[in-house]
1. Loop only by DSSP, 14 or fewer other Cβ within 10 Å of the Cβ. Give me the GluC sites (Glu not before Pro) in the stretch 22-100 that pass, ordered by residue number.
2. Work from the charge dipole of the chain (Cβ charges, +1 for Lys and Arg, -1 for Asp and Glu, about the Cα centre) and give the residue of ALA16, THR54, TYR97 farthest towards its positive end.
3. Measuring from centroid to centroid over Cα atoms, what is the spacing of the stretch 44-67 and the stretch 85-101 in Å?
4. Let me make sure I get this right: for the chain, a, b and c are the square roots of the gyration tensor eigenvalues over alpha carbons, sorted descending. Under 1.5 in a/c it's rounded, otherwise prolate if a/b > b/c, else oblate. Which is it?
5. Pop a pseudo-label 7 angstrom from the Cα along the beta-carbon direction at both ASP24 and LEU77 and give the gap in nm to one decimal.
6. Would you work out the charge dipole size for the chain about its Cα centre, treating the Cβ of every Lys and Arg as +1 and the Cβ of every Asp and Glu as -1, and quote it to the nearest 20 debye?
7. Indicate the gyration tensor shape class of the stretch 53-101 (rounded, prolate or oblate), computed on the Cα atoms with a ≥ b ≥ c the square roots of the eigenvalues: a/c under 1.5 is rounded; otherwise a/b larger than b/c is prolate and the rest oblate.
8. Over the chain, with every protein chain in place, what whole percent of the accessible area is carbon and sulfur at 1.4 Å, could you tell me?
Amino acid sequence: MSMEKMTKVEENFQRAMNLKRMVDRWQNSHTNCLWQMTLSQRRNPYATLRMQETMVQELALANKQLLMVRQAALHQLFEKEHQQYQRELNQMGKAFYVERL
């Protein structure tokens, strides 16, 4: 073999070795990541339960807040309708009976 062919073979060998090292590093880091994830899941079951409990509490508070908003909107709607009826009765010369204390 000539020197030129030897250097090309060496370069190809070096590229293949670099590629193999890169693939090995990626596989090691992937395995390490999977291991860390499973370790974290096993180590923190109580943290997961606390997070779920907190989410349930937040949902309950959000539902309560939504109920209050809906009640306020309904109250405004009733007040608006009452004023509309009052205007219509006034145009006919009538009024709601209001007991004064």
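1. GLU99
2. Of the listed residues, the answer is ALA16.
3. 49
4. Here the chain falls in the oblate category.
5. About 7.1 nm separates the two model spin labels.
6. I would put it at about 280 debye.
7. prolate
8. Using a 1.4 Å probe with all protein chains present, the chain comes out at 59 percent carbon and sulfur.
The values are calculated or read from the model by the stated rules, or taken from the named source; none is laboratory data. In this text the structure is predicted, and so the values were computed from the model without any measurement. We place every Cβ from the backbone using ideal geometry, glycine too, and count neighbours over all the protein chains shown. Surface accessibility is based on the protein's heavy atoms, side chains included, excluding ligands, DNA and RNA. Shrake-Rupley method; radii C 1.70, N 1.55, O 1.52, S 1.80 Å.
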